[in-house]
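Comments concern the structure below.
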Amino acid sequence: MIEGRHKKAAFVAVVGRPSVGKSTLVNHICGEKVAIVSAVPQTTRNAIRGIVNREQGQLVFVDTPGRHHSEKKFNKKLMEVSGRAVDESDIILYVLDASRAPGPEEAEVAALLVPHAEKTIAAVNKMDMKGADYAGLREFIGQQLPGIGDDRCFQISAKNNEGIEALLAALYALAPEGDPFYGEEYYTDQEVEFRITEIIREQAIKRLRQELPHALYVEVADSEFTAVEEHSSSRQPKLWVRAFIVVERESQKGMVVGKGGEMIKAIRLAALKDLREIFDWKIELDLRVKTGKDWRHNDNTLRRIIK
Ligand SMILES: Nc1nc2c(ncn2[C@@H]2O[C@H](COP(=O)(O)OP(=O)(O)OP(=O)(O)O)[C@@H](O)[C@H]2O)c(=O)[nH]1
Ligand SMILES: [Mg+2]
C-alpha cells in the first residue's frame, strides 16, 4: 500500500517555565479542551496527551508541568514528570513567554534541553502582549541552544491562534515516519475520572485565592454510569459523580465552602457546565470538601495524583 507509507508519527513534549502558555497552546493545536488553563503558575501537574491527526500523520503532544526551581517534594515530583517527557519524546517543543525576560529559571530549562537540541523546536508565545520581546528571547535561545536556527524558532500567540500553522509544519517536518499511536477518533487518552477531577480543579483554582490553588487536589470518591435503557424515556446516558476537593488544613475548608456554601456551589455549577460540553451525557455532581492533612508532603498521595 503506497498511501500511508510516508506518514509521520511522533510524541512531542511541550516544555517550559510555569505559565508560559503550554496548556493553552496544546488546547489550540488540538482544537479541543485537553488541558486545564489558569493564571496560577504550576496549574498542570501531569503529563497530559493531546492528539493531532493531519494528512501528514499523527502528533501526540505531551503537556507537562511548568519547570520551576524549588527543592520542595511536590515540585520535585512535577519536575520528574516533565523530565520523563523530555527523555521519552521524539520532539521537544520548548515554549517561552515573550512578555518575560529570561532569568536563571529560563536558563535552567534551556540547560535541560541542551542534550536534546537536535530534536527541539522553540516557540516564543504571547507575542500579542504589549512589550513582547522576540529579539531578546531569540538571542537567549541562540546563546543557550546554538543548534536551534531560525527555521526552528517561532513567534506565536496561543491565545489568538497566531503562528500555529507554521509551527505545526516544522513539527511535522522533524517527526519520524511511523504508524499512528492512537485511533483517529481520539484527541486525548485521559481517563474520564481524571478529566472530571481536572475540570473541577480548574474551576476551583479560578475562584480561590492565595495559597489555596496550590493546596488543593480533587478526587472522585464514587461514580455510577447508567446507559440508556431500551424502553427508557430518557435518551441520554447518565453519569453520577461524587467528588472531593481535598485541602491541606482543616482551616482551609471554610474558604472552599464559602459563606452559606456559595463558593462550592459556584465551583460545582461551573464545572458541571464544562463537563456537559465535554461529555455527551447527563451529569450529576455531588461536590464536597475534606482535609488530607499536609498531602503535599505525603509520598503516597503524590504518587497517586502526579503522573
Ligand atoms: N496574552 C496571552 N496570554 C496567554 C497566551 N497563552 C496563554 N496565556 C495565558 O497565560 C496564562 C497561563 O496559561 P497556561 O496555558 O495555563 O500556561 P502553562 O504554561 O500551561 O502553565 P503551567 O501549567 O502552570 O506550567 C493563562 O492566564 C493564559 O490565558 C498568549 O498567547 N497570550
Ligand atoms: Mg499547563
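Laboratory data are not the source of any read-out in this text; all were calculated from the coordinates shown. If you're wondering where the values come from, they're calculated on a predicted model, not measured in any experiment. Virtual Cβ from ideal backbone geometry, glycine too; neighbours counted across all protein chains shown.
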Be a star and scan the stretch 72-93 for residues whose amide nitrogen sits under 11 Å from the point 7 Å along the Cα-to-Cβ vector of ASP179. none
How are the Cα pair distances of the stretch 95-198 distributed, in percent, across 10 Å bins from 0? 13, 35, 32, 18, 1
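Whats the longest run of the chain with zero GluC sites (Glu not before Pro) that are DSSP loop and have at most 10 other Cβ atoms within 10 Å? Let's see the in-between values first.
On the way: sites that count: GLU3, GLU55, GLU71, GLU184, GLU185, GLU191, GLU229, GLU230.
Result, exposed sites excluded: 72-183.
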Separation between Cα centres of the stretch 33-49 and the stretch 121-155, rounded to whole Å: 23 Å
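By count of other Cβ within 10 Å, fewest leading, how are HIS28, HIS297, HIS68 ordered?
Working: HIS28 20, HIS297 12, HIS68 17.
Result, fewest neighbours first: HIS297, HIS68, HIS28.
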State whether the stretch 8-174 is rounded, prolate or oblate according to the following rule on the C-alpha gyration tensor (a ≥ b ≥ c being the square roots of its eigenvalues): a/c under 1.5 gives rounded; otherwise a/b larger than b/c gives prolate, and the remaining case gives oblate. rounded
Hey, if you put +1 on the Cβ of every Lys and Arg and -1 on every Asp and Glu Cβ in the chain, which of ALA170, ILE267, PRO18 ends up farthest toward the positive end of that dipole? ILE267
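Compute the signed sum of charges (Lys and Arg +1, Asp and Glu -1) over the other residues within less than 14 Å, Cβ to Cβ, of GLY261. Kindly include the intermediate steps, with their values, before the conclusion.
Working: positive: ARG207, LYS253, LYS259, LYS265, ARG268, ARG288; negative: GLU262, ASP286.
My count for the surroundings of GLY261 gives +4.
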Place +1 on the Cβ of every Lys and Arg and -1 on the Cβ of every Asp and Glu in the stretch 192-305, take the dipole about the Cα centre, and give the residue among PHE279, VAL192, VAL256 whose Cα lies farthest towards its positive end. VAL256
Over the chain, what is the relative contact order in percent, taking alpha-carbon pairs closer than 8 angstrom and at least six residues apart? 17 percent
If you rank TYR94, TYR172 by fewest surrounding Cβ atoms within 10 Å, what's the result? TYR172, TYR94
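Give, in nm to one decimal, the length gained when the segment between ASP286 and LYS159 is fully stretched (0.36 nm per residue of separation minus the Cα-Cα distance). Walk me through the numbers on the way to the answer.
On the way: separation 127, 0.36 × 127 = 45.72 nm, distance 3.26 nm.
Full extension from ASP286 to LYS159 adds 42.5 nm.
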Tell me which trypsin sites (Lys or Arg not before Pro) from the stretch 1-58 have a DSSP coil assignment and no more than 13 other beta carbons within 10 Å of their own. ARG5
What distance in nm separates the two pseudo spin-label positions at ARG209 and LYS293, each 7 Å out from Cα along the beta-carbon direction? 2.9 nm
Contour minus Cα-Cα distance for HIS231 and ASN300 (0.36 nm per residue): 20.3 nm
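Inverting the mean 1/r over all pairs of different Cα atoms, compute the Kirkwood radius of the stretch 192-305 and quote it in Å.
Details: mean 1/r = 0.0672 Å⁻¹.
14.9 Å is the Kirkwood radius here.
Based on other C-beta atoms within 10 Å, arrange THR291, THR120 from fewest to most. Please report the intermediate quantities before stating the final value.
Values: THR291 15, THR120 24.
With the sparsest Cβ surroundings first, the list reads THR291, THR120.
Rounded to the nearest 5, what is the percent of antiparallel bridges among the DSSP beta bridges in the stretch 8-174? If you can, show how the numbers build up before the last one.
Details: 8 of 29 bridges.
Close to 30 percent.
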For the pair MET129 and GLU32, the simple spin-label estimate (label points 7 Å beyond Cα toward Cβ) gives in nm 3.0 nm
